[in-house]
Ligand SMILES: [Zn+2]
């Protein structure tokens, strides 16, 4: 019997672009490290074997280049990432310390290629959404939300490429972009990047209190022009589906009404699932997926990205199910035969169930926090209007516009053959299609073979994301990233001009770039100052004429 895909009644059909690069599973953080890139491949295996390729287009994005990465990260940091290997790492001891690479974020073979691959899909997904090539773009390899401008953090090396650059790309076409984060950890990297602008609203639901990264307090709402455009919903251990829904839905409904975003990025970290190795929530797969269902129901251009998730069999189950929801189907509960089938025993069912753990979030607590968050939202008082100027043509435009035949094809006719062919390849790779022209992102395969699955540095003592009580990786709670802050990033900058995500704000913000006028909110957790991104008035290369 073929695996089940049950169309969801009353759903408008969405055009879904799904990004996957099989090379991603060839990388290893090192023995014992909980972050396992193989989870993306496991998810993909479910996606394919359920037959979801019949309902969406599948792409392999071109890996991000060094130049693209430096649109958010410092040149020096990107250069360091591109050069360090397990063999030469001893000559980079000072830099490893400076960039926080080594423990949670170990050096492994192909580190740079891994970053580049994970990043490419989010950028291209955003580009396709912006050009109305699809309604929903999915990149489970993206979504690692902690990395800072010049610092790796919580298993994330180049956040800008995973999410921030995807958002920047959306901002070229949409006045307002909403970022929602349902990872069990606070989405500090993304919040920090857009803390001073009203062009992006960030909303994070996360465990708070004695938990990595130590930021994301209820009081942290953004600063300057961005005040009340960053929302945080701190939660306690053990939250159930019902309780999560009771706060997620009213908050997001009100956000949609007050902010009316042009596009939405949903970070679907699955460490908020019950039984996650590092998480402490009690969501079932269906409880988690309700967030996708609910956000999708607003019919906005939607970029779904991955994030945390450390119990591989559950990560892959949940993201496969959510891919199905994006494509308008419920996947049947029986897991189809696939290359990882034995991981799904003993029941071989798709569902990730909740446990009987206690929910430390009392209805009173949730109600109180919800009311404060809604109160913050009232300050927004309707969507801010933003002057949009002409959008410059960028290389990425050609990447998504160079295949005129694409729109003519019915994906239901074209895709299966294309994918079935590629699935026959010996290495099981989903290769780039042959019909998308030379020079597009999807046709670049120079990174192939870069990441042989060899072990990297041995993973050290649990620190950071894997231990509780740490506050390393300070976000706005510690010190907000004031656009125009006088201090340089901890990474230390070269003379090369540097761009920050805050630069996408309007001209008045840029003109303040040399002033440091905003008042940081009080530090709430006693953490040290975070590196403050420098805004030097240069426009991001990527956004030339936007501001
Ligand atoms: Zn996480």
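Running Debye on the range 25-98 with equal point scatterers at the Cα sites and no solvent, what base-10 log of I(q)/I(0) appears at q = 0.12, 0.19, 0.27 Å⁻¹?
Here log10 of I(q) over I(0) equals -0.57, -1.01, -1.20.
Give the distance, in whole Å, between the Cα centre of the range 10-69 and the Cα centre of the range 278-296.
19
Output the relative contact order of the range 1-100, whole-number percent, from Cα pairs under 8 angstrom with separation of 6+ residues.
For the range 1-100, the relative contact order is 28 percent.
Using Cβ contacts closer than 10 Å as the measure, can you line up 21, 183, 75, 113 from fewest to most?
The most exposed by this proxy come first: 75, 113, 183, 21.
Would you mind computing, in nm to one decimal, how far apart the modelled labels at residue 257 and residue 375 are, each placed 7 Å from Cα along Cα→Cβ?
Inter-label distance under the simple model: 1.8 nm.
Taking the range 234-393 on its own, what percent of its Cα-Cα pair distances exceed 25 Å?
For the range 234-393, the share of Cα pairs beyond 25 Å comes to 39 percent.
Would you mind ranking 195, 310 so that the residue whose beta carbon has the fewest other beta carbons within 10 Å leads the list?
Listing 195, 310 from fewest to most nearby Cβ atoms yields 310, 195.
Please rank 62, 370, fewest neighbouring Cβ atoms within 10 Å first, as an exposure proxy.
By the 10 Å Cβ count, ascending: 370, 62.
Quick check: residue separation of residue 9 and residue 337 times 0.36 nm, minus the Cα distance between them. What number comes out in nm?
Residue separation times 0.36 nm, minus the Cα-Cα distance, leaves 115.4 nm.
Throughout, read-outs are computed from the coordinates displayed, never taken from laboratory work. Please read these numbers as outputs of a predicted model, since none were measured by experiment. Note that we place each Cβ from the backbone using ideal geometry, even for glycine, and neighbour counts take in every protein chain shown.
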